[in-house]
Amino acid sequence: MKLWGGRFKNAESELMEDFNSSLSFDKTLYYEDIIGSIAHVKMLVKCDIISEEDGNKIISGLDSILKDIESGSLKIEGDYEDIHSFMEVNLIERIGDAGKKMHTARSRNDQVALDMRLYSKKKAKEVVENLKDLLETIKILAEKNNYIMPGYTHMQRAQVVTFKHHMMAYFNMFSRDKKRIENAIDILDESPLGCCALAGTTYSTDREFTAKELGFKGVVNNFLDGVSDRDYIIELTSDFSMVMMHLSRLSEEIIMWSTKEFDFIQLSDEFSTGSSIMPQKKNPDAAELIRGKSGRVYGDLVSILTTMKGLPLAYNKDMQEDKEGFFDALDTVLSCIKVMNGMLSTVKIKEGSMLKAVKRGFLNATEAADYLVNKGMAFRDAHRVIGEIVIYCEDNNMPIEDLNIEQLKKFSQLFSEDIYEFIDYKNTLNKGIKKYMK
Ligand code: ARG
């Protein structure tokens, strides 16, 4: 069932029909396709391009199609070329000849461009809402668990930080992601409807009217660009890739922290799984899956970038390949944000284990060197002296603060009793971080 055929003598090969059809995935756009058509038809009536009577018939026909799809009584399937053909053929079956006027002054090129912009906008807003929930959860978790913990560089214990400060680093990352997506929404917020195939139309249509009806800020100002721009899909998929990268880094930490070796956190049963063979296991599958799924979204990004590369203006059928990857990226990023949110809302943070790790890690060594500097030693010399103390402590399996003052003085006469206060872990938290502890 096609929207074209007049200029063809022979039927299309079945193989080609299957190859060409996008219905199995662009059915996702059914809602946008219908509301886009309704706005278009209202405009055709307003501009006296079709009669009000025909317009009303089309609109109630489209309304009834929408109702039937949503109630499940109309399935989006069959040998249609795409969602647009499905809608038009169904409309004509329902309301007769008036349905044949719906596509006046429109092409599937501006139609699909419109559907994709509407859908992208709606779903990107959903991602933003989910990010807001995640940000809130991170903030609550960070504030409730303002404990000291080891900070790492090269995965080696480095200096004392707080769990709050550590988590607020992720808060910042996801805040930037949210801003990036909001910005992408703002950029894409222009209606391409009315560009038609590539060069506008001979009818005097009103593009501003349809743009307003559909909630866009305005209209695109170049027809060729309007029908062939997929930048917003690339930009959003890139933003989603960034979200996935951040989720994946956090997942990696969650996986490490939940090992017996770290033992900084305990994941809830709700977001863990067991082993079919090893009864003792509690696996961080949720975090591992998020880490794994980041690869899918990067793949979706590279795929659409590659599809668009080298395409001449204006519409080319290659662009039909924009959908599956984008839908996949959207579904993936949405489910990963939700699962991360669930994991973080139910995780238990182990204050004692983190403190133990702080004590075993010589995390006050930098501050001990600063102490000697305050007493007049050059930093490089202080660095060497403390390094020697660390070797001594390692050999004797003790932290720096357990050395008595006589032992310390063997390394430098500059040590006196006030060293213990200076290298106490709560005090070694740098002033900068302390500001964020409140
Ligand atoms: N299914 C097509 C797509 O997704 C719709 C546009 C078709 N346009 C055309 N001139 N054949 O891109």
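The values are calculated or read from the model by the stated rules, or taken from the named source; none is laboratory data. A quick note: this is a predicted structure, and the numbers were derived from the prediction, not measured. As a convention, Cβ positions derive from the backbone with ideal geometry for all residues, glycine included, and neighbour counts pool all protein chains shown. These area figures cover heavy atoms from the full protein model, side chains too; ligands, DNA and RNA do not enter into them. Shrake-Rupley method; radii C 1.70, N 1.55, O 1.52, S 1.80 Å.
Points to keep in mind about this one:
- Selection within the range 52-95 - away from the ligand (no atom under 16 Å from the Cβ), of a type in the set (Gly, Ala, Ser) and out of contact with any helix residue (DSSP H, G or I) (no Cβ under 6 Å at 6 or more places or on another chain): 60, 64, 71, 72, 73
- Restricting the range 414-431 to residues that are open to solvent by 40 Å² or more (accessible area, probe 1.4 Å) and over 13 Å from residue 371 (Cβ atoms), the residue that is modelled with the lowest pLDDT: 431
- Among all positions in the range 11-22, there is at least one residue which is surrounded by 13 or more Cβ atoms within 10 Å (Cβ to Cβ), touching a helix residue (DSSP H, G or I) at 6+ places or on another chain (Cβ under 6 Å) and touching a residue at least 60 places away in the same chain (Cβ under 8 Å).
- Residue among 358, 333, 339, 347 that alone is closer than 16 Å to residue 234 by Cα and among the aliphatic types (A, V, I, L, M): 333
- Among the helices (runs of 4 or more DSSP H) confined to the range 194-270, the ones with at least 1 residues that are closer than 30 Å to residue 292 by Cα are located at 231-257.
- Any hit, the range 271-285, residues being more than 24 Å from residue 136 (Cα to Cα) and at pLDDT 95 or above: no
- Residue match in the range 126-137 (condition: over 15 Å from residue 33 (Cα atoms) and within 16 Å of the ligand (Cβ to nearest atom)): no
- None of 363, 311, 344, 372 is within 16 Å of the ligand (Cβ to nearest atom) and on the phi < 0 side of the Ramachandran plot except 311.
Yes or no, residue by residue, for (1) charged (D, E, K, R); (2) in contact (Cβ under 8 Å) with a residue 60 or more places away in the chain; (3) open to solvent by 20 Å² or more (accessible area, probe 1.4 Å):
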| residue | (1), (2), (3) |
| --- | --- |
| 123 | yes, yes, yes |
| 126 | yes, yes, yes |
| 150 | no, yes, no |
| 159 | no, yes, yes |
| 178 | yes, no, yes |
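- Wholly within the range 332-438, helices (runs of 4 or more DSSP H) carrying at least 1 residues that are in contact (Cβ under 8 Å) with a residue 12 or more places away in the chain and hydrophobic (A, V, I, L, M, F, W, C): 351-360, 365-374, 379-395, 405-411, 418-422, 431-435
- Failed criterion for residue 266 (all others in (1) buried (at least 16 other Cβ atoms within 10 Å of the Cβ); (2) in contact with a strand residue (DSSP E or B) (Cβ under 8 Å, 6 or more places away or on another chain); (3) without any contact (Cβ under 8 Å) to a residue 60 or more places away in the chain hold): (3)
- Residue, most open to solvent (accessible area, probe 1.4 Å), within the range 271-314, restricted to residues that are closer than 30 Å to residue 232 by Cβ and assigned to a loop (DSSP other than H, G, I, E, B): 309
- Test result for residue 232, within 16 Å of the ligand (Cβ to nearest atom) and open to solvent by less than 30 Å² (accessible area, probe 1.4 Å): yes
- For the range 34-53, a tally of residues being open to solvent by less than 20 Å² (accessible area, probe 1.4 Å) and acidic (Asp, Glu) returns 0.
- Looking across the range 101-115 at every residue that is near the ligand (Cβ under 8 Å from one of its atoms) and out of contact with any Cys (no Cβ under 9 Å at 6 or more places or on another chain), the one that is most open to solvent (accessible area, probe 1.4 Å) is identified as 108.
- From the list 22, 13, 37, the lone residue that is over 21 Å from residue 219 (Cα atoms), modelled with pLDDT of 95 or more and of a type in the set (Gly, Ala, Ser) is 22.
- The one condition in (1) away from the ligand (no atom under 16 Å from the Cβ); (2) surrounded by fewer than 14 Cβ atoms within 10 Å (Cβ to Cβ); (3) of a type in the set (Lys, Arg) that residue 350 fails to fulfil: (2)
- Scanning the range 143-193 for residues that are part of a helix (DSSP H, G or I) and more than 30 Å from residue 256 (Cα to Cα) returns 182, 183, 184, 185, 186, 187, 188.
- Pairs with Cβ under 8 Å, 6+ apart, first in the range 94-107 and of a type in the set (D, E, K, R), second in a helix (DSSP H, G or I): 94/61; 94/64; 94/65; 100/92; 101/44; 101/54; 101/58; 106/40
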